[in-house]
Amino acid sequence: IVMPYNDLAKSEELLRRHKSEISCVIMEPVASALGYLPGDIEFLQGIRELTLELGIILIYDEVQSFRIGPGGAQVEWGINPDLTALGKTIGGGFPVGAFGGRMDLMEMFDPSQGGAATVPHAGTFNANPMTLAAGQVVLEQLTPECYDRLNSMGNDLRMRMQIVFDELEVSACVTGVGSLFGIHFTNEKVVDYRSMLRGDQDMRKALFLGLVNEGVLLQIVSAGALSTVTT
Ligand SMILES: Cc1ncc(COP(=O)(O)O)c(C=O)c1O
């Protein structure tokens, strides 16, 4: 079941109608594919309240949004999902994936309490020491000051891009949060996948190719992220 992003009423209707078939809701608090569009706070809080009421596990994919603050979007906005998926930054440049959350759920993966885990989680690269060492170093380098600087550069960039588009009378809006940004060639407010797709996709391709010719590699969907200096 696919729920429409930022549409609480429709999502509520779907969740209530299908509650007996749904074990979990998995979502990004910042929708990467929508130009890093942060979910409306009422939508995110509403989904949290509904999933608690209906006994549905709420899983946040913070693989990308974890970079907006030391605890990701969930800490920034004070919403507690039941489980969280992480990747990217926590690997310090090495391939990584991780998940964690509610104690009673994580205990099902724990083989240390005598006997096998309820849900075995074996893997060739689990707890890879090289990845974890690199990830730890990067996370230690990402001090609160570092996040503040990155995020204020992101705010500045988004604002300045919008000013440039307005000055050039190009119909465009810039979305994003923290160090993340996305560009949509539309006058309409982008709130979900459909409103994003109504933007001019040819302009996106033209921007992508134009920037490649200038030596700048943006994501093909005209989105990107600022980073610290990495050597
Ligand atoms: C938001 C988001 N979730 C999940 C993934 C998948 O992560 P992985 O490549 O570690 O499977 C990605 C990868 O780009 C992502 O951007």
Which residues, counting only those in region 125-154, are under 13 Å from G97 (Cα atoms) and either surrounded by fewer than 11 Cβ atoms within 10 Å (Cβ to Cβ) or not assigned by TED's automatic domain parsing to the domain that holds G97 (or both)? N126, A127
Within region 12-48, considering residues that are under 23 Å from V174 (Cβ atoms) and away from the ligand (no atom under 16 Å from the Cβ), the one surrounded by the fewest Cβ atoms within 10 Å (Cβ to Cβ): E42
Give the residue that is surrounded by the most Cβ atoms within 10 Å (Cβ to Cβ), with candidates limited to residues of region 49-81 that are touching a strand residue (DSSP E or B) at 6+ places or on another chain (Cβ under 7 Å) and among the hydrophobic types (A, V, I, L, M, F, W, C). I68
Has region 91-114 got at least one residue that is without any contact (Cβ under 8 Å) to a residue 12 or more places away in the chain, among the small types (G, A, S), in the same structural domain as R48 (by TED's automatic domain parsing) and part of a loop (DSSP other than H, G, I, E, B)? yes
For the list (1) among the polar types (S, T, N, Q); (2) assigned to a helix (DSSP H, G or I); (3) within 16 Å of the ligand (Cβ to nearest atom), I need the number of the one condition that T124 fails. (2)
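How many residues, within region 56-81, are charged (D, E, K, R) and more than 10 Å from the ligand (Cβ to nearest atom)? If you could, list the steps in order and put the result at the bottom.
In the first step, residues of region 56-81 are kept if they are charged (D, E, K, R); the result is 61-62, 67, 76.
Narrowing the set further to residues that are more than 10 Å from the ligand (Cβ to nearest atom) leaves 67, 76.
Of the residues in that region, 2 qualify.
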I'd like to know if region 85-100 contains one or more residues that are away from the ligand (no atom under 16 Å from the Cβ) and under 30 Å from V25 (Cα atoms). no
Are any residues in region 38-75 free of Cβ contacts under 8 Å to residues at least 12 places away in the same chain and of a type in the set (D, E, K, R), and if so, which ones? E49, E53
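The values are calculated or read from the model by the stated rules, or taken from the named source; none is laboratory data. Please read all numbers here as calculations on a predicted model, not as lab measurements. Neighbour counts run over all protein chains shown; Cβ positions are idealised from the backbone, glycine included.
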